[in-house]
Each structure stands twice: as C-alpha cells, then as structure tokens.
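The values are calculated or read from the model by the stated rules, or taken from the named source; none is laboratory data. Keep in mind the model is a prediction, meaning the values are calculated, not measured. Glycine gets a Cβ as well: all are built from the backbone with ideal geometry, and neighbour counts include every protein chain shown. SASA here: full protein model, heavy atoms, side chains in, ligands and nucleic acids out. Shrake-Rupley method; radii C 1.70, N 1.55, O 1.52, S 1.80 Å.
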Amino acid sequence: MATEYEVTIGLETHIQLNTVTKAFCGCKADSWNDAPNTNICPTCAGLPGSLPATNQAMVEKGLRLCLAMNSEVNLTSLFDRKNYMYADLPSGYQVTQDTRPIGVGGYLDFNMDDGREIRVHIHNLHMEEDAGKTKNEGGVRLIDMNRCGVPLIEMVTMPDLHSADEAATYLMKLRQLLRWIGVSEANMERAHLRCDANVSIAPKGSKELGKRCEIKNINSIEAVRSAITNEVQRQIREVEAGNKIEQWTIEWDNDAQVLRKMRSKETAADYRYFHEPNLMPVVISPEFYEEVRKSMPELPRAKRARFMDELGLPAYDASILTADRETSEFFEMACGLYGGDTKRVSNWMMNEVLRVVNEKGVSLAELPIRAEDLVEIIKLVDAKTINTSTGKSLVDKVLETGKKPGDIVRELGLGLVSDEGAIREVCRKIVDGNPKEVAAYRGGKETLIGWFVGQVMKEMRGKADPEMAKATKFVDRKSVV
C-alpha cells in the first residue's frame, strides 16, 4: 500500500510598506521607475559614519497590520542587526527586529472554495529594511542598491497550511487585507509582497514534522502554487527512493518552472544577532495606539458577514463586493442612496459597473462613475423613464462622457415612448410585414409574442415601453396580432 503524506507549509512574507521615504533615511521608498543606483544616500548605502533615524510612518503602518492580524503589540520594540555578507547588502548587516518585534502572535481566518475555514496563526511581525536587488544579465550579476533601506514588515506564519492551494489562498487574502487597510500596494510583480515557503512532508499520522526546505524567489500567487507543488513532489520522490530530505534553501525559476538548490539552510545562530546600537527603542504611546486603532476600517471578513446578515446578500455577491475596499464602500453608499432592494443594487453593481472595471483592467476609483450615478440609472429604470437595456448602455455613456445619467437621457432622447398611439402604429407595421409569423401565432405559437415585441423595440430604437408593446395585442386582436 502506497504511503500517504501530509504536507506542512509555513510562509514568510515580506511586505513592502507604502511609505513616502525609506525606513531609516530620507530617500524615497518607491524607486521602481528610477535608474539603477540613483535613489541612495550614505545611510541606505551603508557608508561608515552615517546614522539612521526611524521612520514614524513605518511604525504606524506596522501597528495597523498588527491590529488587523489580531497580534499582541509590543508598545516598546527594539531593532537588531542580522549579520550576513551578500553583494546587495552594502553594510554587511540588515537592520531588523529579533528579540522584541513590534507584533507577536495573531492569526488570519479565511475560507477555501470548498467552504473549509482555515485559521493561520502568526509567529510574529517585525519591521526591517530591505536589501538591494540583483539581476543576471549576459552572465554577469548586476547590483541595484535603490531598494536598500525600503521599509518592510516580515510576517512569519506557524506551520498551519497543508497544500499549495491553501498557501495560495492565504496569500490572496493577505494581499486583499494589506490593500484594504492601506499599508502596502501588495503588487507581487513589483516585489511589494514577496514570499518564502518552508515545505516539509511526513507520513500521515506522524507526530513529528519532516525536514523543511525553504523556497525563495516566489513572486506571484500562481508561482507559489507551482513552486510548492513541485517541491512536495520532489520530496516524495526523494523519500520513496530511500533518501533523506536535507535542509536546503531552494530557488524557484518561474520561467523554467524548476527548483534549484542554492545553499544549505541557515539557522538563527549563523546571523549573529545583536541590538542595533544606532537606533533608539521604538516606543508607541497609549495615545498613538488608540489613535491608530480608532482609524482602522471594518475589515473585509467582517464586512462580508455583515453584507450577508444585515443586507441579505448571497455569499457569492458578498464576496465579490468585498474583494476590495473601494468596491464595498461604493456599494454601501449606493444602497444608502437607493433605499430599496439591496440585491437589485448588487446585480447592477456586479453586472454593469464591475464589468467595466474588469474590461478596462482599472480600479473602481479610476472610473468617472459614482454611487449616485448608478442609483440614478436604477431609479430611471424603476420609473420606466428608460428600459433596462437603455439603463445598461447608460452606464457606458456615463463612463465615456462623465455626465450625469439624467442629462444624457434628455440630450439623446433616450426616454421610453409611452404613447399608445405611436406604439400601436409600429405594431400594425410589424404585423403587416410578417404574415407568416402572424399566422403561426394565431395557430397557437404564442411564444412568438416575444419576437413581435423585439421587432417593435428594434423599430423604435429600444425606446418603446416593452410592456405597452406587449399589451397592444389585446387591444385589437384582428388587426394587430
């Protein structure tokens, strides 16, 4: 009988905070479009004699993340030096937090597609500076120091994940949360959110975890899924061939979709941690803590539950409408202005507004449509001033012109024609021009009424009141239908 294995995964995420300046100097933090090695100063370049100063915005965003992750906040935290030599670390050490990080413990709850609820516990959250980046070009390894000193939060999970899908879902939920509370852009392609995965296997039922290997260089959700899947398969092959798993650091090559061994896994002792002598302890006052706590928004999981419980939305709608904070706030504002059926607002929001968001690949905030515009369109349809088809096209016209829906309806004459005489005249024309369809209808094929109404709508360029057009058949059965 083949051995069954349990996979165990712990993730280390490096979250680039969206501060204006770097962690310990005045250089700008976002250098994505800068020429290599132009956004540096003596402090972030690690020159002797330069002195760092802690960025308060980094501390505030770190505190916000601790609160969102249900972590215990150390009101006094310390910086340490993590010593190692690498080409993109000019000082020979990284300023980080080891003995007393800003946050300890905590958790993130999320649901898988099959309905399972998973709680991932957090070991700690600590503030640190980023290293530079390396690039292989023509067989030469080039170094760009621009990223040196960019503020990060490293967040380490407990080994609570047990599949590549669970790890990928955790990262998606974390990315959503980071953007929601405004601490990071969390764009993995731009390295705002990076992930190292510690992976091990053990026979099912074993009380001990297997030897873990750490996968580095994972820069997308799908890469996380692929890298972990490949590593699990590799470890199973090794064990079943009678070999022992060695504790390695492994690099994921996303282009080739292969894993490559980099080096043996370091331990904490290898880094020779000691307190950073050039930085004072970070002290968060009770007043500052309370100010940040009160500024925290309702979090996505709580908002999703409220949309279902209080607004009566199905789980699917609630998930879509809480995918990001902008969408959820737009929807809530629209519901408040509409004051009626929240499901109706949800349908218009998802089918029309979010359709455009997906088609254009932009955020909702970038579109020139507001909650009051959507509500005005829905109310115009409710009042039968326009029909549903015109209402849908009106969303696009608002986006194209930036004008108010009512103004567009008046300017383009989009209002429904409710003149019974005018509609009757068009109905007669359709009947006279389609004798075969009339005969079929009179012969009992009553479903053709939809076709007749469609012809009327086409003739009147979508402006006929469809209910009035349909009712016309009862007015004069002999001469109409």
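When the surface is traced with a 1.4 Å probe over the full set of protein chains, LYS360 keeps roughly 120 Å² accessible. Please name whichever of MET280, VAL426, HIS121 sits farthest to the positive end of the charge dipole of the chain, dipole taken about the Cα centre and charges placed at Cβ: Lys and Arg +1, Asp and Glu -1. Value: VAL426.
Could you state, as a whole-number percent, how many of the C-alpha pairs of the range 212-313 are farther apart than 18 Å? Present the calculation step by step, with values, prior to reporting the outcome.
Details: 3652 of 5151 pairs.
The proportion of pairs with Cα distances above 18 Å equals 71 percent.
Can you tell which of PRO405, ASN83, HIS162 lies farthest toward the positive end of the dipole of the chain, using +1 and -1 charges on the Cβ of basic and acidic side chains (Lys, Arg; Asp, Glu)? Checking the options against the dipole of the chain, the answer is PRO405.
Take each of the peptides 177-190, 24-37, average the number of other beta-carbon atoms within 10 Å over its residues, and list them starting from the highest.
177-190, 24-37
Return the carbon/sulfur percentage of the accessible area of the chain, one whole number, probe 1.4 Å, all protein chains in place. Carbon-and-sulfur percentage of accessible area, whole number: 50. Candidate cross-link partners of LYS445 among the lysines, defined by an alpha-carbon separation under 25 Å and a same-chain spacing of 8 or more, comprise LYS429, LYS436, LYS458, LYS470, LYS473, LYS478.
Using a cut-off of 12 Å between beta-carbons, work out the net charge of the residues near SER346 (Lys and Arg +1, Asp and Glu -1, SER346 not included). Surrounding charge for SER346 is -2.
Gain on full extension, evaluated as 0.36 nm per residue between MET350 and GLU208 minus their Cα-Cα distance, stands at 46.4 nm.
For the chain, what does the accessible surface come to per residue with a 1.4 Å probe? Please give it in Å².
Numbers: 24180 Å² over 481 residues.
Normalised by residue count, the accessible surface of the chain is 50 Å².
Please give the Cα centre distance for the range 6-50 versus the range 148-195, rounded to the nearest Å. That distance is 16 Å.
With +1 on each Lys and Arg Cβ and -1 on each Asp and Glu Cβ, and nothing else charged, work out how big the dipole of the chain is about its Cα centre, in Debye to the nearest 20. Numbers along the way, then the final one.
Working: 64 positive and 72 negative charges, 234 e Å.
Around 1120 debye, computed over the chain.
Each stretch of four or more DSSP H residues adds -39500 (n - 2.57); spread over every residue of the chain, this sum gives -11000 deg cm²/dmol at 222 nm. Three principal axis extents describe the C-alpha atoms of the range 321-372; from largest down they are 30, 19, 16 Å. Measuring nothing but how far apart in sequence close Cα pairs (under 8 Å, 6+ apart) lie, relative to its length, the chain scores a relative contact order of 13 percent.
Could you state, as a whole-number percent, how many of the C-alpha pairs of the range 1-149 are farther apart than 25 Å? Here the long-distance tail beyond 25 Å is 42 percent of all Cα pairs in the range 1-149. Considering only ALA35, CYS25, ALA334, the residue lying farthest towards the positive end of the dipole of the chain is ALA334, judged by Cα position with unit charges set on Cβ. Each Lys and Arg adds +1 at its Cβ and each Asp and Glu adds -1 at its Cβ; summed about the Cα centre, the range 275-352 shows a dipole of about 240 debye.
Given 10 °C and 1.306 mPa s, how large is the Stokes-Einstein diffusion coefficient of the range 103-213 in µm²/s, with Rh as the Kirkwood radius over Cα pairs? Could you put the intermediate results ahead of the total?
On the way: Rh = 16.4 Å.
Stokes-Einstein gives a translational diffusion coefficient of 97 µm²/s.
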